[in-house]
Amino acid sequence: GAGVSQSPSNKVTEKGKDVELRCDPISGHTALYWYRQSLGQGLEFLIYFQGNSAPDKSGLPSDRFSAERTGGSVSTLTIQRTQQEDSAVYLCASSLAWAANTEAFFGQGTRLTVV
Amino acid sequence: GENVEQHPSTLSVQEGDSAVIKCTYSDSASNYFPWYKQELGKRPQLIIDIRSNVGEKKDQRIAVTLNKTAKHFSLHITETQPEDSAVYFCAAKTAGYALNFGKGTSLLVTP
């Protein structure tokens, strides 16, 4: 596709349920980021995939959060046993190479609402 | 890890005036400093970036300056227009590590 694609655009889930958020990066981009943006707040770093290296998971807020990137392309962010404080927009971004400092392109985000 | 501080959190200017947003970073190895603009309900988009071997970069009405010694960089918008109203994020990156963002500046340009 032409840009970073995220699905679903919106997700409403009941407290305690698990959710999966998907990110399709730009083809050929080896670096992939997940961020969380609460209402009116900044971009909170969650996890960073860099080529075939081990991901930087230092931003994950709890062990309920996990992410994987299969085949160096599509990434899935999983939140287990969702809580109301998990409600936010989850943004994915990708960039051309992890070593070179190049523009990160963002997807449109997934708005998660936990009720 | 990298820590990016951004000021001010909100900024209101009159149309035609200049706006300046300042950021500091903690990791002296950081060598890439992008600025993103996020309009309401939209995704962040890159407006300008600067690398550590450059002290200043300009693109029409926007410019960014970098002081590596002091570890701070700034965004300057001249001749502001109502369509410049948005949230602006600075970021800093070291090669091989994540892109770390400041908390954002909400800019309002009033006609």
Per-region count, the range A:65-83, residues basic (Lys, Arg) and touching a helix residue (DSSP H, G or I) at 6+ places or on another chain (Cβ under 8 Å): 0
Residue that is nearest to the chain's Cα centre (by Cα) [pool: residues in the range B:81-104 that are more than 9 Å from chain A (Cβ to nearest Cβ) and aliphatic (A, V, I, L, M)]: B:ALA92
Evaluation of B:PHE73 against (1) open to solvent by 10 Å² or more (accessible area, probe 1.4 Å); (2) without any contact (Cβ under 8 Å) to a residue 60 or more places away in the chain; (3) within 11 Å of the chain's Cα centre (by Cα) (one fails), failing number: (1)
From the options A:ARG36, A:ARG64, A:ARG69, A:ARG22, residue that is open to solvent by 80 Å² or more (accessible area, probe 1.4 Å) and of a type in the set (Lys, Arg): A:ARG22
Matching residues in the range A:72-88 - criterion: being open to solvent by less than 20 Å² (accessible area, probe 1.4 Å), under 13 Å from the mean Cα position of the chain (by Cα) and of a type in the set (S, T, N, Q): A:SER75
From the options B:LYS57, B:LYS42, B:LYS68, residue that is over 17 Å from B:ALA19 (Cα atoms), open to solvent by 20 Å² or more (accessible area, probe 1.4 Å) and more than 10 Å from every other protein chain (Cβ to nearest Cβ): B:LYS68
Some residue of the range A:40-51 being open to solvent by 50 Å² or more (accessible area, probe 1.4 Å), within 14 Å of the chain's Cα centre (by Cα), more than 24 Å from B:GLY41 (Cα to Cα) and within 14 Å of another protein chain (Cβ to nearest Cβ): no
B:VAL20, sole failed condition from (1) more than 14 Å from chain A (Cβ to nearest Cβ); (2) assigned to a loop (DSSP other than H, G, I, E, B): (2)
Hits in the range B:1-32 (condition: surrounded by 19 or more Cβ atoms within 10 Å (Cβ to Cβ) and modelled with pLDDT of 95 or more): B:VAL4, B:GLN6, B:ALA19, B:ILE21, B:CYS23, B:TYR25
Sole exception among (1) in a loop (DSSP other than H, G, I, E, B); (2) more than 30 Å from A:ILE47 (Cβ to Cβ) for B:ALA63, by number: (1)
Subset of the range A:1-19 [within 13 Å of another protein chain (Cβ to nearest Cβ), open to solvent by 20 Å² or more (accessible area, probe 1.4 Å) and either closer than 11 Å to A:GLY109 by Cα or assigned to a strand (DSSP E or B) (or both)]: A:SER5, A:SER9, A:ASN10
Residue count for the range B:56-74, restricted to those that are in contact with a Phe, Trp or Tyr (Cβ under 7 Å, 6 or more places away or on another chain) and of a type in the set (Val, Ile, Thr): 2
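The values are calculated or read from the model by the stated rules, or taken from the named source; none is laboratory data. This structure is a prediction, so every number in the text was calculated from the model and none was measured. Cβ atoms come from the backbone with ideal geometry, glycine included; neighbour counts cover every protein chain shown. Accessible surface is based on the protein model in full, side chains and every heavy atom, while ligands, DNA and RNA are left aside. Shrake-Rupley method; radii C 1.70, N 1.55, O 1.52, S 1.80 Å.
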